1. Order Asp173, Asp150, Asp127, Asp189, most accessible first, counting only protein heavy atoms with a 1.4 angstrom probe.
2. With a ≥ b ≥ c the root eigenvalues of the C-alpha gyration tensor of the chain, is it rounded (a/c under 1.5), prolate (a/b larger than b/c) or oblate?
3. If you find the alpha carbon centre of the range 177-221 and of the range 68-119, how far apart are they in angstrom?
4. Around Thr76, which amide H atoms from residues at least 5 apart in sequence, or from another chain, sit under 5 Å from its own amide H, with H modelled in the peptide plane?
5. For Arg47, what accessible surface area do you get with a 1.4 Å probe? Give it in Å², rounded to 10.
6. Determine the sum of side-chain charges near Leu166: Lys and Arg each +1, Asp and Glu each -1, restricted to other residues whose C-beta is under 14 angstrom from that of Leu166.
7. For Trp126, what accessible surface area do you get with a 1.4 Å probe? Give it in Å², rounded to 10.
8. Go through Ile159, Ile48 and list them by solvent-accessible area, largest first, probe radius 1.4 Å.
Amino acid sequence: MESRPSAGQRLVYFPHAGGSPSFYRGWGEELDEFEPHAVCYPGRAERISESPATDLKAMARQIAAALRPLVESRPTAFFGHSMGAIVAYETACALEEDGFGATHLFASGARAPHLMRGDAAAAARWDDASIARNLVELGGTDAELLRNPDFMELVMPYIRADFRMLSAYTAGDRAPLGCPVTALVGESDPRVTAAQADAWGESTRGPFRRVSLPGNHFYLAAAPPYAVVREASAG
């Protein structure tokens, strides 16, 4: 997002299902002690001509390969929201399997990976109408936009793919991460409870902290948790 050779560490942002790097616009300016990077999943933004991903773990391995030069050359933390938290986790796992790793994982608005129970039948049931209802319930998309046929034609292919990919995901057996993990959750999140966020503690053998913040699933749209990121990254 911006080159900062003098920054002591990098922070990589992972968007939610249906999201793109633009969701984190402005974060790099506020968290100026980091060099900011954002993952762009296939099928959207500058990758709109590509087919959306259908296998979350396979996509995470590709992301890990792309991030490896960054992780090798400078301390690098990951921040993922909702589906992005799971993608960031799988990316961190893939890097650790190769002898590298993130310095910190911020898992926002997501149940712990081992609580995810992939269901192919349930994944296939995500149709456009159920996805639209879910987006409105979570508060991440303006309901008026969802009534715009041009908007829906553009974004629904990759949103649908993301929802189905996440619904089919199962963590499986994973060694705990070596890096610290901070789980963030909105106090009024209809999909993630504090207990489900606490379960992220089982995903690391390092320090763990759960932070509850005012708001719903997309609490961070109105009040990005800059202070939490800064404090945790400072040690």
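1. Asp173, Asp150, Asp127, Asp189
2. Judged from the Cα gyration tensor, the chain comes out rounded (a/c under 1.5).
3. 14 Å
4. Arg10, Thr103
5. Here the residue's solvent-accessible area equals roughly 80 Å².
6. Surrounding charge for Leu166 is +3.
7. For Trp126, solvent-accessible area is about 50 Å².
8. From most accessible down to least: Ile48, Ile159.
The values are calculated or read from the model by the stated rules, or taken from the named source; none is laboratory data. Given the structure is predicted, the values throughout are model-derived calculations rather than measurements. Positions of Cβ are backbone-derived with ideal geometry, glycine not excepted, and every protein chain shown enters the neighbour counts. To get the accessible areas, we keep the full protein, side chains included, count just its heavy atoms, and leave off ligands, DNA and RNA. Shrake-Rupley method; radii C 1.70, N 1.55, O 1.52, S 1.80 Å.
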